[in-house]
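The values are calculated or read from the model by the stated rules, or taken from the named source; none is laboratory data. From a predicted model like this one, the values you see are computed outputs, not experimental measurements. Heads up: the accessible areas ignore ligands, DNA and RNA and are worked out on the full protein's heavy atoms, side chains in. Shrake-Rupley method; radii C 1.70, N 1.55, O 1.52, S 1.80 Å.
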Amino acid sequence: MKKIVIRSGKERSLERRHPWVFESSIARGAADSGETVRVESSEGQFLCWAAFSPQSQIRLRAWSFDEAERIDSAFFARRIARALALRARLPVASDSIRLIHGEADGLPGLVVDRYADTLVAQFLSSGVERWKAQIIEHLMAATGLSRLYERSDAQVRELEGLALQTGWLRGEGSTAVTISEHQWRLTLDVAEGHKTGYYLDQRDNRKRFADAVQHYGCKTVLNCYSYTGGFSVGALAGGAEQVISVDSSGPALARAQAHVALNGFDPARHQALDADVNATLRGFLKEGRQFDAIVLDPPKFAPTAAHAERAARAYKDINRLALRLLAPGGLLFTFSCSGGISPDLFHKIVAGAGLDAQVDGFILERVGATPDHPQTICFPEGEYLKGLLILKS
Ligand code: SAH
């Protein structure tokens, strides 16, 4: 077993069970891509077992902080069983759920979503790539399912020096899936949808939105960055009379439109707008339009803290426009899924947007991702999605 020695003074984060070690913290040692290494302090003290990634800035990802643990096939079976046991206890109003959420489940770089009877996996680090065959076996055995599609086409794989890969790993056939979420039915394509096909992390927020639209009696709703219209279906279920979904993806909007009819709502209550959100908000303001509720769920403007400043301006801009477009007493459900923007910073950005728009409001709820995308105490980077439900004064 190869040994990696951490620079003196840089072992603290591993001692606090943070799973990453950056290239700059390594004193000596090297290994192959994904190879398991023993990580020690400069004094020779055991710190963790980890996967080595020769190309990534994140050079080590810890598998285990227990010296007695062996990183073998059975280790992956145990971690997968642990992740599934947690999911079995969570309240999930859907047949679709994130089963493995990377670092939070002790499997850095592995994402597995279940959509009805189909599993979709992303192998995003060299460590899980190396153990892929064993992971696949254990996933199929633990879930009892027969279909597993690979969506290892996220750009982060390139940082690991891994080629992008997609396709059936187990089973075959149509990649179209229909799922149920709350009382709704939604469709997706595991081969073509964003990420693994759908945004499961917003499941509970879609229901919150449906309930708020109903409670506050919102009639006109603007769903910005709608993707396939999850929040739009929620708005219709909550009794909205007119809902507009705005997205720059034509295929996503076609699905949003189909979801309206699939859930038994009159298609005349929904409009799909293939457009840039920022330009749309400006255009509506010029026309003097108003909405009773607006959702802002943009893509990741700041993947890391280094992008935070420019991203902050982009977030502020759309929030300022949306706050102005809202009717008095209207609802804004605004999100950021950027890991580089903390909940505190996001609140400050929205506060700045309110000042510029000369609009104040009450924060009704602060929300995050669904619990099947868990955060752990030792890995603050795991927190990415945050949202504020605001009632305009
Ligand atoms: N709210 C959605 C998820 C949104 S993901 C849900 O509940 O499922 C972000 C979406 O923003 C993607 O669908 C992407 O196509 C869209 N998008 C990205 N940039 C955009 C832009 N400038 N204008 C409009 N849509 C954009």
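Worth a mention:
- Rg/Rg_ref, the range 313-373, where Rg_ref = 2.2 N^0.38 Å and atoms are Cα: 1.14
- Evaluated on the range 287-331, the Kirkwood hydrodynamic radius is 11.7 Å, with distances taken between all distinct Cα atoms.
- Mean-position separation - Cα centroids, the range 131-168 and the range 6-46, in angstrom: 26 Å
- For the chain, the Stokes-Einstein estimate of translational diffusion at 4 °C and a viscosity of 1.567 mPa s comes to 58 µm²/s, using the Kirkwood hydrodynamic radius over alpha-carbon pairs.
- Dimensionless Rg ratio for the range 173-258, taking C-alpha atoms and the 2.2 N^0.38 Å reference: 1.07
- With eigenvalues of the C-alpha gyration tensor scaled by 5 and rooted, the range 44-89, Å: 23, 15, 10
- Shape descriptor for the range 31-155: Rg over Rh equals 0.99 (Cα atoms; Rh from the Kirkwood inverse mean 1/r).
- The range 243-304, Rg to Rh (Cα coordinates; Rh as Kirkwood inverse mean 1/r): 1.01
- Relative intensity of the range 151-297 on a log10 scale, I(q)/I(0) at q = 0.15, 0.16 Å⁻¹, equals -0.78, -0.87, per a Debye sum over C-alpha point scatterers of equal strength in the absence of solvent.
- Remark: accessible surface ordering of Arg82, Arg16, Arg255 (largest first) is Arg16, Arg82, Arg255, probe radius 1.4 Å.
- Over the range 281-393 - Rg/Rh using Cα atoms and the Kirkwood inverse-distance radius: 0.99
- The range 1-105: radius of gyration and largest Cα-Cα distance (Dmax), Å: 15.5, 50
- In the range 9-62, one over the average inverse separation of all distinct C-alpha pairs is 11.0 Å, which is the Kirkwood hydrodynamic radius.
- Within a Gaussian network of the chain (alpha carbon springs, distance under 10 Å), most fluctuating of Gln257, Gln271, Gln165: Gln165
- Of interest is the spacing of the C-alpha centroids, which for the range 210-253 and the range 304-325 amounts to 21 Å.
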